[in-house]
């Protein structure tokens, strides 16, 4: 039984608190937030969990084995470093840190102390994304040629980071997990439509030496929510629509064919899709439940997590470069993943 | 009654032939194709229409008032210039020409001879796009902030131009017509997945001095067909889904609101859309039928078309710059529309 | 603050427990189930709530003001009558009772003792259904002509009642609430595909003197879940799709027109819908939360509930007659609602 | 080459005219309509086809081998009988005749003269329905348990028959073709909302000795068009949605399971579908084109059509009984198919 302290009781923290409580392998021992008003509803719901506004108190508590950090990005590094130095295992919200250098320091500290350092790339623990990786790994899809993701949210926001750091981070975590490749260059564009706020719409493109091109479209100001990823392979293509209730993952038979036959061209022009389609039943278990079990397993066995600090660093690296490219309207920025490739 | 000669009986030509025949104001007098096998099914269906493999013969025919050009892009300039020089009005398939210089020469020639020069930007003549422009013009939408279009086709193709010239041209024609603004810079990226073929996937972004950002996602190798455009305004947002049978245009009440209220943030995170939605019934008339009537009217009255040579030139300019940017992985390319703004 | 005891901790009970806890006006004081294994997870989650396997104990408890009954239908009458006799207000799961006579006895007992007797017709408390009734009441819809509802579930079940009592009860509760009319005759058909189990598929039709026809299609063995209700009025028509995330209620301009004009006929045949469509944003609050507040208000003020025992009796009456008609393959059965009309 | 005369140039006739012209095995030689204004646009489009307002003239023409009848139902018998007596093969629009007796006379006359008598049950010739029958025949679906079809049209009509004869006839033709069984009883209900017009909404249920139950929901006054058929088998279930562009036929793995396990029950309640889903690519060829080729083959070889007069008679029998049941609000009417079973 691993005792977990959760810091940050805003939007995501309560999900961590609940899942650490409901797991057989973990327990939420303590919760922490600077704002007592955020603690109150939690203690009302879970009277057995201790609450504090002092992070130092949580770290000093010897009962606490691990700390889960669900606070704003700019606080991640300090909170995580302090936790590691206090000998606690760490689960950290994504994006892992504000800079690649910070991520590297956390990785080194965790390795030195043989502590688990894991980043909460939640999508990696969904039945849908795991199924997609299995499909790609099996070779059924052929060679992946492109990855094209849309993640747009409704027209209301309050954020301290731009839309790339807030939304694209999800797509990049899926991309990183499914593709097992690292990009060599990124080009990003975006716009800021509200004075004094960060970019609220952005498009980023990642280039890979293998010929893969990956594109992510993120937007905070859309009238409807969309979460859809298209993965094009030489033998099959996949559509992952996270808002679909009954057909989250669709797999299409659709090898790429080049033809000179005008009749076939015409068929293409009037058709609506190619080949048969197959939609496997997806495991609907809550991703965080799977992730919490995995975290407990890593802590207990010392095994390396599928979304360890190195995976977290790769994402921070892509996000940083994308933001840089966005400032110059798409000028490509080179990326290097030496020593941190998957 | 305007007598029209149609050159090119491939995919699109037959639609022109039929529409010029069915209009009260026009008649298809003659058809022309280098390949007699393409003429045969047309003459079988329309025995009263004369067929020829000689374009010179069509131009020499004094009965022919206007020529409609539905041949590959690389032939547009020569065929259109010859038609104008023979005193014929011209309707030309999009994209208008291969270069801006060619477009300019055609415009000048047509003006000198007081002939109608029109480009077949078909989408401009759909009930949906006309309705969208009316909405934007009325001020209901507020200030347009972004335009985001996806046009992906099924995995089979044979083309002499890249996917930008083949597909994005449609989105740019809608954008140009609806927005009435000209972009100042373009950044484009793309990839070619089939050796010896042009780029089959591309993303282009247009920047406007007004703060508008426009993005177009085009792809020949998708498992399903998608044609969807999102227009975000400060007061309303529009979704145009051309494959929707009953709700092609949806208008959402969704002004942009910035809030610090965590309850509202939470509502946003779990919501699926903002505000009421309204889907007007759209005029379902065939666009080409509307366009043919408009062309006949321009020829008869000398009025300037809504998709005249200048509109055609603007699109060629954007396409050319996008292709250039794509070669350097998104490096932005400046655009100038002096003297050709809408 | 009204203290509530909840009896039955199966599928629905936990929702009642949670909502009575979270409401400002009520509190879950006690829970009861014959099976201690069903009580255990509840007491783990809510340590402050007392648990018992003895219903008598709950009724004897003077702290308990009201009892919420979420047990199988066949136990409703005895449990509710005992509660009323113990002076408790009662919220009872739908269908209210097994027979009309039982429903009548409960109504009389509650009236005699001036206790609140309410039936949990949950759908009546959804934003969507309340919005639909407001639309019908306003006259915008014109005269309602038909009500057509589909409610089909996935292929797995364990039930002690047939599909009419399990699923159609929801549609009848919506119908009863929205229409404010009572049917005069019912015809029902159905089939039982699993030996020893009740009917798993059924269709019922209700006839009204006003000319309204209402039809409900219920099925436990469908491959996909469907919950969709169509309401046809002389001026507008409504589609309520409960599984739609962003457009639960759609209102169509579509007066009924009779024409001899072949062109219009043709337009109808190729069209996909008539008139404009409007989808208001629907209040997404949890229905049970609204209902619990309403129950507390009825208890506190003595006001009559919108889904009181009489409404519950009307549904039991329709269900009983439908089951009877189903046994004779659709032979119509007369209904009478004297003294219990809405 | 079979020379066909088409009588009736209203809504459907032009489709027959075009398909008989475009087939290699047939030719539209002559067309006939009492109204010269309906003939005019046809002769303009097809100058080589002879037109007449005299049906007698068409029958007297020795060049005409076969007659296709696309006139109102009440005229079918007289026109078809006259054609057979003139030695012509006959393709007749559905429903075949107004009465079973008329259908029987036509079958006898055709058999006596060894002429092809075929009914235009168009859906039988679609790729989707043929695929569905193949699936059922293969045993993959297991035993069919129910057939549930919805066919609703937009709110505008002009008809001389009720909605059962106009719309349900399509569903019955699919049912008859796919199931290869005959029903023993029918219960139907309906309503007429426009004074002086036939029933515009109806629901019919067919009972089979095998335990199959079939239900058809038809409605002329709906706000949106729906055409969807659900076929439930013991091993798989099929959804046929004719308005779907890319997934007309979906096949679900969903055997019927009875369980006592509450965890499974809960999974069912929150799930959206059961099992994997597979959507084969469906042959998109125009049904009438396939049907015309089949008709030509029957005429040339004397082979019996899949939708011969006997199939037509079965449908007339079901329609007649349904209309009778509808008059008594669902009272079941017995059916007999002695000698005419599939």
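One table, with the values for the structure above:
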{"item": "In the stretch C:1-10, residue modelled with the lowest pLDDT [restricted to those that are away from chain D (no Cβ under 14 Å) and surrounded by fewer than 18 Cβ atoms within 10 Å (Cβ to Cβ)]", "result": "C:1"}
{"item": "Residue in the stretch A:59-70 that is loosely packed, with under 12 Cβ neighbours inside 10 Å and in contact with a strand residue (DSSP E or B) (Cβ under 7 Å, 6 or more places away or on another chain) present", "result": "yes"}
{"item": "Count of the stretch A:244-253 residues which are in a loop (DSSP other than H, G, I, E, B), within 16 Å of residue A:132 (Cβ to Cβ) and within 7 Å of another protein chain (Cβ to nearest Cβ)", "result": "1"}
{"item": "Matching residues, the stretch B:217-228, being closer than 23 Å to residue B:247 by Cβ and part of a strand (DSSP E or B)", "result": "B:217, B:222, B:224, B:226, B:227, B:228"}
{"item": "Which listed residue, of D:239, D:231, is assigned to a strand (DSSP E or B), within 7 Å of another protein chain (Cβ to nearest Cβ), farther than 23 Å from residue C:211 by Cα and at pLDDT 95 or above", "result": "D:239"}
{"item": "Filtered residues of the stretch B:299-309 (kept if buried (at least 20 other Cβ atoms within 10 Å of the Cβ) and assigned to a helix (DSSP H, G or I))", "result": "B:299, B:309"}
{"item": "Tally of residues being crowded, with 24+ Cβ neighbours inside 10 Å and not in a strand (DSSP E or B) across the stretch D:177-188", "result": "2"}
{"item": "Options B:103, B:202; residue that is farther than 20 Å from residue B:16 by Cβ, touching a residue at least 60 places away in the same chain (Cβ under 8 Å), more than 14 Å from chain A (Cβ to nearest Cβ) and buried (at least 23 other Cβ atoms within 10 Å of the Cβ)", "result": "B:103"}
{"item": "Scope the stretch D:272-304; condition over 22 Å from the mean Cα position of the chain (by Cα) and within 14 Å of chain A (Cβ to nearest Cβ); matching residues", "result": "D:272, D:273, D:274, D:275, D:276, D:277, D:278, D:279, D:280, D:281"}
{"item": "Residues being in a helix (DSSP H, G or I), away from chain B (no Cβ under 14 Å) and out of contact with any helix residue (DSSP H, G or I) (no Cβ under 8 Å at 6 or more places or on another chain) - total across the stretch A:11-38", "result": "3"}
{"item": "Residues satisfying the stated conditions in the stretch D:151-176, i.e. within 8 Å of chain C (Cβ to nearest Cβ), surrounded by fewer than 22 Cβ atoms within 10 Å (Cβ to Cβ) and in a loop (DSSP other than H, G, I, E, B)", "result": "D:158"}
{"item": "Scan of the stretch C:10-37 for residues that are farther than 19 Å from residue C:293 by Cβ and touching a residue at least 60 places away in the same chain (Cβ under 8 Å), ordered by number", "result": "C:10"}
{"item": "Residues of the stretch C:178-195 satisfying the condition of being closer than 30 Å to residue D:142 by Cβ and more than 9 Å from every other protein chain (Cβ to nearest Cβ)", "result": "C:195"}
{"item": "Hits in the stretch D:313-339 - residues which are buried (at least 18 other Cβ atoms within 10 Å of the Cβ) and more than 23 Å from residue D:217 (Cβ to Cβ)", "result": "D:313"}
{"item": "Members of the stretch A:114-143 that are crowded, with 23+ Cβ neighbours inside 10 Å and at pLDDT below 95", "result": "none"}
{"item": "Selection count, the stretch B:135-150, where residues are more than 21 Å from residue B:182 (Cβ to Cβ) and outside any loop (DSSP other than H, G, I, E, B)", "result": "2"}
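The values are calculated or read from the model by the stated rules, or taken from the named source; none is laboratory data. Remember, it's a predicted structure, so these values are computed and weren't measured experimentally. A quick note on method: Cβ atoms are made from the backbone with ideal geometry, for glycine too, and the neighbour counts reach across all protein chains shown.
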